[in-house]
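**Student:** Got a structure for you, questions after.
The values are calculated or read from the model by the stated rules, or taken from the named source; none is laboratory data. Computed from a predicted structure; not experimentally measured. Cβ: placed from backbone, ideal geometry, glycine included. Neighbour counts: every protein chain shown. Areas reflect the complete protein model, heavy atoms only, side chains present, ligands, DNA and RNA absent. Shrake-Rupley method; radii C 1.70, N 1.55, O 1.52, S 1.80 Å.
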Amino acid sequence: MNRTILHWGTGAVSAVLVSDDDAPVRLASLQAGPSQSAEPTLVPAQPLVEVFALGHGHARANLRHTASAIGDRLRYATHTTQQSAGWRSLVVEQIDPATGLRVRSTLRAAEGVAAVQTWTEVVNEGAAPLVLLAVTSLATGAFSAEGDSIDDVDLHTGYGDWLGESRWERVPVRSQRGLVQMGLPSHQDQDARGALGITSRSTWSSSERMPTGVLENRATGSAWAWQVEHNGAWHAELGERLRDREGELALVLMGPCDTEHQWTQPIAPGESFTTVPVSVAVGGGWQGALQALTQHRRALRAERPQPEGLPVIFNDYMNTLMGDPTTAKLLPLIDAAAAAGAEYFCVDAGWYDDSLTDWWDSVGEWEPSTVRFPDGGLAAVLDHIRAAGMAPGLWLEPEVIGVRSPMADRLPDSAFLQREGHRVVEHGRFHLDLRSAEARAHLDRVVDSLVLDLGVRYFKLDYNITAGPGTDLDAPSLGAGLLAHNRAHLTWLEGLLERHPGLVIENCASGAQRMDYAMLTRLHLQSTSDQQELLLYPPVAAAAPASLLPEQAGNWAYPQPAMSDEEILFTLATGMLGRLYLSGRLDLMTSEQLATVRQAVVTHQAIREDLARSLPVWPLGLPAWDAPEVALGLATDDTTYLTVWARGDEAGEIDLPLAHLAGRDVEVEPLFPPTSSWATRWSRADGVLHVTPSATRTARVLRIRPQS
């Protein structure tokens, strides 16, 4: 038997791939640090790629997306490497002799980052057409090191919902609802039939499950953090396969597929299909892996032009005007936001509504209301924002047309997602199909007019419905139509930013229902929730850096004149370690209350560049939704910023392990507010900060600096 071993990496991350004459290419090792020259002691059973097609299903019956007949038949053909613009890449090609498929797996890594991005291209070089049912972006035996056991692996996985985003749990892979020990070796070395699946449907990519997860081996400390980088449907799964009569944990990451998403894709001879990209980061423990994924996200964003600065945005929606703006309401609010130090002011929903009642199913034309803004129109309001020293912004929901909108009749049926000849309707709205030239031209006219005629410099792009499984108009399947629309949506966003490079664009979808790195490599910040209860927001804000960069995490702070002093501090602290996303009736506040808001803004502005190079730490772990104490740290080489929320009914000492500072003397100082009645005590030997809040339902932001 001839064996081919490929060693590839950057020095920060390394991969070892193995293929034999009688087996496909497998990823034998993925680890932080330089590649080892030795031959791997264990080679996983799981192939690097799985491909399912009509007439070519499973090699062995199961309900997983592994053990495909084509995947088992693939054989190594060639590989190439490339280095450019701070990235290194490896392309491995395999051939299926039965169908003539050529399968290309691309792995690429940024210099200095312990993470790999990967995707798969399938080219039909055979004589007959094929209908694809599923293609993995990555399939691999997780960890695959000597001594690894499924028994020792935990899955960190996140759940989402409107107002309940970023809810994480840690569960053993060997659990009642996971991969139980079933005595597989006694059944002629067959794999398990089922899998632990994680699936997101339709176009809210993070509404049900987060497109990020972590696998951690408790025994070895190894951890892999992964993300699916797609603004539509995706699937991940964990399955058990046998390797030398031992259980092997197989990880599969992919975009849409047949069984979960009604996706099929014909490819004629000469045609190809490319999967959505996914990424895997490696590190010591789950926090180390998420820190490596944080660095990887910055490398992905650095490939695209970014606007200068990290401005503080005031938005008039949350607990404030709530979609009912008028000139009379906005002008004093604009002045108060400017006095507080905001740099952008966004007029949220309602600016296009003349009815002053329910505009939900009439949106889509996006013409400024003349009723709401009688004196000089919306232009006069935006001029007032500029005169106050801020850049003006508007809320926009570009992908929908209300059923009562004039645009519903002006645009052809082909501009909308359809099923069986009917436009898709959800919650009184049609859904645009951005494959359509007419749909894109309409949106381009809207955006260009708002930018060029009104001088808008910021858009909050919202998305409050989903499209179902997809469209069958000019598509071989519902899922294929939806995938093509998803990709056209990204292309439209890229064109918008090419025409207007100075724009700052927020990603929103009923809060954070579409929080993925297809969107967030292109857009600049993310609304992390629509949560209006200040006591419920901390677990969302604290968990957000598991899913996105701190500098993209738009955590709402909505101080109100009726709040107590502690409540004002609480909500402002929630927005501090991220992108301070300000709202609230600042125009009705006392001078002392507004001074507190101003202090928060100034403090955030002083540290925001630090936050944009920080790595997250979670002294209390990713928080449970009802946790009485919640904490998030953002650490640079010389400073750790720490927000602590005390939400319980009783005030008591909170122990906060900061392992990265253990054994060092530190200075702990209150950052916001700059004076604090909280008691702090540092345990140098074990690296634990002991904090005693002065009251219940309070929050503080601390700055911790090593002294040696």
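**Student:** Please compute the per residue accessible area over the chain with all protein chains in place, 1.4 Å probe, rounded to a whole number of Å².
**Tutor:** Counting only protein heavy atoms, the per-residue value for the chain is 35 Å².
**Student:** Still on this structure, please answer the following. Please compute the modelled spin-label separation between Glu438 and Trp625, points set 7 Å along Cα→Cβ, answer in nm with one decimal.
**Tutor:** In this crude spin-label approximation the distance works out to 4.3 nm.
**Student:** Per DSSP H run of n ≥ 4, the term is -39500 (n - 2.57); total these for the chain, divide by its residue number, and report the mean residue ellipticity at 222 nm rounded to 500 deg cm²/dmol.
**Tutor:** Per the formula, -6000 deg cm²/dmol.
**Student:** How large is the dipole of the chain about the Cα centre if only Lys and Arg carry +1 and Asp and Glu carry -1, each at its Cβ, rounded to the nearest 20 debye?
**Tutor:** 980 debye
**Student:** Let me check I've understood the local charge: for Pro469, count other residues with C-beta under 13 angstrom from its C-beta, Lys and Arg +1, Asp and Glu -1. What total comes out?
**Tutor:** Local net charge: -3.
**Student:** To one decimal place, what orientation-averaged projected area in nm² is obtained for the convex hull of the Cα set of the range 453-599?
**Tutor:** Taking a quarter of the hull surface, the average projection is 11.2 nm².
**Student:** Another question, if that's okay. Heavy atoms only, probe 1.4 Å: what % of the accessible area of the chain goes to carbon and sulfur, would you let me know?
**Tutor:** 49 percent
**Student:** So which helices of the chain fit the span-like rule, where a helix is a whole DSSP H run, its Cα atoms reach 20 Å or more along the axis, and its mean Kyte-Doolittle is at least 0.0?
**Tutor:** 437-452, 478-499
**Student:** Answer with a single label: of [x] 279; [y] 184; [z] 157, which was calculated as volume of the Cα convex hull per residue in Å³ from the structure in view?
**Tutor:** Comparing each candidate, only [z] matches the computed number.
**Student:** Another question about this same structure. Report the Cα centroid-to-centroid distance between the range 422-487 and the range 291-320 in angstrom, as an integer.
**Tutor:** What the calculation gives is 23 Å, centre to centre.
**Student:** If packing is taken as the average number of other Cβ atoms within 10 Å across a peptide's residues, how do 438-448, 458-468, 683-693 rank, most packed first?
**Tutor:** 458-468, 438-448, 683-693
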